[in-house]
């Protein structure tokens, strides 16, 4: 697995920076004792292997990319397809299990409209979003500044301010690759957590996904002065 995420010297453009995710993985397995904070931090860093791979997947097509995507828009997803047919698919599954292990027996407590949850919620990409919540919108009926909640993980998705999906998801899903590339907060929900957001459909909401994996979603009218200050930054 480490060798699968380790690029060649030429891929590193001479500075070796792309080797860092693999180095983070080697550091994780170098000792049997890891603090939870250290493990979580190193896992987040190791996942940058996906960013490196995503950029390099389409590098070979740079000269023809504009023409291809103009004439055949569906080719824009070729990078995602390359990643999901590579050893990184196994890496994504491993990363999910390590995330669950890092959460430990006392996982993060999430706040969904004033209700505490410690199950059925998994943060995939951190970030902040403020916008109208759209629950199960039809294709193409939401805007870039809205937060979408979907009953399943779609094969394709247009950008949104925030993404909440019910079902499975990992660091190589199309939704997560989109979220990571555009800095969109992205969360996978179980059935009970998904049900809690349905009554807030079309309301203005504030979504917070922290780097440590905690998820907070509240009505925009309930935002504190600190919430507003953080968002404006």
Inset, instruction - Please find, within region 189-210, the residue that is surrounded by the fewest Cβ atoms within 10 Å (Cβ to Cβ) out of those that are over 18 Å from residue 232 (Cα atoms) and touching a helix residue (DSSP H, G or I) at 6+ places or on another chain (Cβ under 9 Å). - result: 203
Legend entry - Matching residues, region 211-233, being assigned to a loop (DSSP other than H, G, I, E, B) and either within 29 Å of residue 46 (Cβ to Cβ) or not assigned by TED's automatic domain parsing to the domain that holds residue 147 (or both): 211, 212, 213, 214, 233
Legend entry - Test: residue 155 is part of a loop (DSSP other than H, G, I, E, B), touching a helix residue (DSSP H, G or I) at 6+ places or on another chain (Cβ under 8 Å) and within 27 Å of residue 88 (Cβ to Cβ): yes
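The values are calculated or read from the model by the stated rules, or taken from the named source; none is laboratory data. Values in this document were obtained by computation on a predicted structure and should not be read as measured data. Positions of Cβ are generated from backbone atoms using ideal geometry, with glycine treated the same way; all protein chains shown enter the neighbour counts.
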